[in-house]
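Step one of this worksheet: look at the structure below.
No value in this document is a laboratory result; all are computed from the given coordinates. Quantities reported herein were computed from a predicted structural model and do not represent experimental measurements. Note that each Cβ is placed from the backbone with ideal geometry, even for glycine, and that neighbours are counted across all protein chains shown.
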Amino acid sequence: MNWIAIVVLAAGTYALRFAGPVLRDRITVSDELKRYLSLAAIALLAALIATAALVEGGKFVGIARPAGVLVGAVLAWRKAPFVVVVVAAALTAALLRVAGVE
């Protein structure tokens, strides 16, 4: 049963990815719809980041993880190198946890 589900999902994913280039010239999208789709992608990404940073197992994770994410976001916004962003975010969360801040 599991292998059937994996094969079906793989085929569906391939079909969706294949449909994009094939249908590109056949479907026209208005500029307003393009704008809304772009905004929807931003909102979806923000929601994923928020849930990953704030909640685990249906409960609030505390202050340390969101603080680390905030430090990483500020550094990314300031165009810091990716390694610096990741290390600073992890270090912020780790130091807060060592200090007893959950």
So, relative contact order of the range 62-102 in percent, Cα under 8 Å, 6 or more apart, is 55
Sorted on mean Cβ neighbours within 10 Å (highest first), peptides 37-44, 64-71 come out as 64-71, 37-44
Each label sits 7 Å from Cα toward the beta-carbon; between Ile63 and Ile27 the label points are separated, in nm, by 4.7
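When only C-alpha pairs under 8 Å and at least 6 residues apart count, what is the relative contact order of the chain, in percent? Could you put the intermediate results ahead of the total?
Details: 48 pairs, mean separation 20.4, N = 102.
Worked out over the chain, it gives 20 percent.
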Summing -39500 (n - 2.57) over every DSSP H run of at least 4 in the chain, dividing by its residue total and rounding to the nearest 500, the 222 nm mean residue ellipticity is -26000 deg cm²/dmol
Extend 7 Å from the Cα of Leu45 along its Cα-to-C-beta direction; within the range 16-39, residues with backbone N under 14 Å of that point are 37-39
Taking only the Cα positions of the range 1-44, the convex hull volume per residue in Å³ is 90
Percent of all Cα-Cα pairs per 5 Å bin for the range 62-102, counting from 0 up to the last occupied bin, reads 6, 31, 30, 18, 10, 5, 0
Full extension between Glu56 and Val101 adds, at 0.36 nm per residue less the Cα distance, a length in nm of 14.5 nm
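Could the peptides 73-81, 88-96, 18-26 be put in order, highest first, of the mean number of other beta-carbon atoms found within 10 Å of their residues?
Values: 73-81: 12.4, 88-96: 16.3, 18-26: 8.7.
Listed from highest to lowest mean packing, they are 88-96, 73-81, 18-26.
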